[in-house]
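Derivation of every value follows stated rules applied to the coordinates shown; laboratory data play no part. In this text the structure is predicted, and so the values were computed from the model without any measurement. Cβ sites come from the backbone with ideal geometry, for glycine too, and all protein chains shown count toward neighbours.
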Amino acid sequence: MPLNFTLASRNLFHDRIRFVATTIGIVFSVVLVMVQMGLYLGFGQMVTKMIDQASPDLWVMRSGTKCFEDPSLIDARKRDAYLAVKGVADVNALVIGFSDWHMANGAITPVFIVGSNLKGDGLKPWNVVAGSAQSLSEDGAVAVDKTYSERLGTSGLGSEAEIRGHAVKVTALTDGIRSFTTTPYVFVDMSRARTYVGIPNTYANYFLVKLKPGANVDQVRHDIEAQSPTNEVLTTPEFRDRSRNFWLFGTGAGVALFAGALLGVIVGTVIVAQTLYSSTKDHIDEFATLRAMGSSNRYIYGVIIYQALLNAVVGFGLASLVGFAVVYFTSGGALPVVITPLLMSAIFLLTVVMCIVSAFAAILRVLRIDPVMVFTK
Amino acid sequence: MNDPILEAKNVSSVLGSGAGRVQALKDVNLTLHGGELTMLMGPSGSGKTTLLSILGFMLTPTSGSVCIRGQSTENGDAETLARVRREHIGLIFQSYHLFPTLTAAENVQVALDVRGEAGSKARTRSHDALAQVGLSHKINSYPREMSGGEQQRVAIARAIVSTPSVILADEPTAALDSGNGHAIMDVLAAIAKDPSRSVLVVTHDSRLTSFSSRIHSIEDGRIVGEQPAAGSCPVHATPLPPNDAVRAETG
């Protein structure tokens, strides 16, 4: 272990109160960044959950559709034409839209209807924990998530309600299909979905296109778009990006999360800079002694940089524990904080950079040291 | 007389500017020879510290030159001067300037660490240097656990561990009682017996002159007198104790 590291660590831990105050500042800063970025990732995952789950090869939608929840309509009668395109294996319509859920006690709550062809590769409910997805073919059958029981006034399978004046009955319960808008998803058969959202039978919101093995994606896209100039065709990754960008940046939500993270970085930088500077001032005689002994600037900077790195490692370690606790407690919520190994690595790097940048003021201070002061003090 | 190790020729130094301008040194000529303990004496404000700073390559003279082992550092930048200091100069200060969070051995080892010497060899050398000043038993002690005399001996060990050509000591006994002061001077005089080294001690304490080989007096920035010691060897100098003998003497 280099001796300037020993000197750095002993000086750092010697003043315990200052060290604790700095560590708290760094932990606060890193946790803020971690939570903001974790929310960003969590939000990003939540807003594309339906797209990820359906995951067809291609999505056909009205040109300019901004996100999955956008209720722009397309002509459902084009299905046969799309099926005839070379390379297409299957085409399934998808109907989505907001509606009202009328409870037996007269209360009303908005719901988001997701209707697809139950016999094809549509967007059927997943994580079914009671009942079955196949039961949705029954008249008035719906699937809801069990976490919304209170919100929907349901008590499990067999619970009854009304959507747009039509009686519905819960025949399947899912677990963990939560909406970031807090509006519960209601899965139904596609034909009834049109009734519930109030659109004619000749319309749908999307076509989910499955390709034959080896099909040329670009050619199929081109051929489908050629048939309907008002529609556009996106791959699942493209639609995922578009949807995520709309919710994160189109609405300003992502910018707000980044702004919070930036605030955390600024707070952390200021706290560490202030601490390193005051520590350097307190130990200025020692730095002057090192300089008088002939140490290079690099050696002296090493002491300060090691202190900055120690601050970073200790602060990040404690902040990680807090971060994992936040992840645990938000995992079942509508907007979980998601911390991936990549995010952890990035935040660790950011913490290190933040602490090293904070050392600049202290380094500028030692640059001004006159070694002659060792004779006058 | 041994070869000169450090030579200051026609050194003048002007400090400050405008109304605060002070001519701190005027045409100073001084040579430090190997195997000698030279004393620099003078009243406060006479230019001792300025001269010591210039001889220690911490301050560049306004005019004149300083050579160490025939090597001039004229126009050297701060990093060049720092290199000369770490290769040739050992410094001892009135207020010790030890690192309070490092042990005695670590304090000594810093002088090697700044030269890029680390590891077990450096540790061994630092232990040997502490043994030379009689502090083998204080290797793991922190400065706060040692007396003033012991701290100054750690500072001496730190100054000699890298075997510099010149050791510059600024009032090394000023903060010590006379017993500890004499013991410290005895150690410095013993170090100065090595013909490859020269020791310069700045002091006002005329009671210490008996340790010196040569005495220079400085007043108003000029060397006003050079006075060789009575004998060819310092009166009190005894061979540097190879063990903890000094400890017994100074407590």
per DSSP, antiparallel bridges as share of beta bridges in the protein assembly as shown, % nearest 5, sits at 65 percent
Going through region B:37-90, which trypsin sites (Lys or Arg not before Pro) have at most 16 other Cβ atoms within 10 Å and a DSSP loop state?
B:Arg69
Whole number please: convex hull volume per residue of the Cα set in region B:14-53, in Å³?
75 Å³
If you average the sequence gap of Cα pairs under 8 Å that are 6 or more apart and divide by the length of chain B, what percent do you get for the contact order?
27 percent
Could you tell me the center-to-center distance, by alpha carbons, between region A:92-121 and region B:138-157 in angstrom?
82 Å
Suppose we keep just the DSSP beta bridges with both residues in region A:64-229; what percent of those would be antiparallel, to 5?
75 percent
What net charge is computed for the residues neighbouring B:Val14, neighbours being all others with C-beta under 15 Å from the C-beta of B:Val14, Lys and Arg scored +1, Asp and Glu -1?
+1
Between helix B:78-88 and chain B: long-axis angle, C-alpha atoms, 0 to 90°, nearest 10
50 degrees
From the C-alpha gyration tensor of region B:1-155, pull out the three semi-axes of the equivalent ellipsoid (sqrt of 5λ each), sorted largest to smallest, in whole Å.
32, 18, 16
Per residue of chain A, what 222 nm ellipticity follows from adding -39500 (n - 2.57) for every DSSP H run with n ≥ 4, rounded to the nearest 500?
-16500 deg cm²/dmol
Hey, could you pull the Cα Rg and Dmax for region A:64-229, both in Å?
16.9, 54
Could you tell me the distance between the Cα centroids of region B:170-215 and region A:1-19, to the nearest Å?
34 Å
Restricted to chain B, the DSSP antiparallel beta bridge percent, nearest 5, is 50 percent
Once phi is turned into θ = phi - 60°, what whole-Hz ³J(HN,Hα) does the Karplus curve with 6.51, -1.76 and 1.60 give for every residue of region B:66-71, x standing for Gly and Pro?
10, 10, 10, 6, x, 9
For region B:67-96 the GluC sites (Glu not before Pro) that pass both the DSSP coil test and the at-most-15 other-Cβ-within-10 Å test are B:Glu74
When only alpha-carbon atoms are used, what values of Rg and Dmax, in angstrom, describe chain A?
29.4, 95
Starting at the first residue of region A:360-367, write each ³J(HN,Hα) from the Karplus equation 6.51 cos²θ - 1.76 cosθ + 1.60 with θ = phi - 60°, in whole Hz, x for Gly and Pro.
4, 4, 5, 5, 4, 5, 6, 4
Treating cross-link reach as a plain straight distance, find the aspartates and glutamates whose alpha-carbon is under 19 Å from the alpha-carbon of A:Lys212, omitting any fewer than eight places away in the same chain.
A:Asp57, A:Asp80, A:Asp90, A:Asp121, A:Asp223, A:Glu225
Under a Cβ-Cβ cut-off of 11 Å, what is the net charge of the residues other than B:Glu117 that fall near it, where Lys and Arg count +1 and Asp and Glu count -1?
+4
To test your reading of the geometry: what angle, between 0 and 90 degrees and rounded to tens, separates the Cα axis of helix A:16-46 from the longest principal axis of chain A?
20 degrees
Considering every pair of different Cα atoms, what Kirkwood radius, in Å, is found for region A:202-342?
21.3 Å
Hey, how many Å between the Cα centroid of region B:29-56 and the Cα centroid of region A:248-318?
42 Å
Debye, to nearest 20: dipole size of region A:64-229, +1 on Lys, Arg Cβ, -1 on Asp, Glu Cβ:
240 debye
Quick one: of B:Lys121/B:Lys193; B:Lys26/B:Lys193; A:Lys49/A:Lys86; A:Lys66/A:Lys169; A:Lys146/A:Lys210, which pairs are farther than 28 Å apart, Cα to Cα?
B:Lys26/B:Lys193; A:Lys49/A:Lys86; A:Lys66/A:Lys169; A:Lys146/A:Lys210
For A:Asp100, the residues 5 or more places away or on another chain with a placed amide H closer than 5 Å to its own amide H are A:Val111, A:Arg164
Given H placed 1.01 Å from N in the peptide plane, which residues other than close sequence neighbours of A:Ser159 have an amide H under 5 Å from its amide H?
A:Val170
For region A:11-99, run through the trypsin sites (Lys or Arg not before Pro) and keep only the ones in DSSP coil with at most 15 other Cβ atoms within 10 Å of their Cβ.
A:Lys66, A:Lys86
May I ask for the angle, rounded to the nearest 10°, between helix B:148-160 and the longest principal axis of chain B, with both axes built from Cα atoms and the value confined to 0 to 90°?
70 degrees
HN-Hα couplings for region A:284-300 via Karplus (6.51, -1.76, 1.60; θ = phi - 60°), in whole Hz with x for Gly/Pro, come out as 4, 4, 5, 5, 5, 5, 4, 5, 4, 6, x, 5, 6, 4, 4, 5, 5
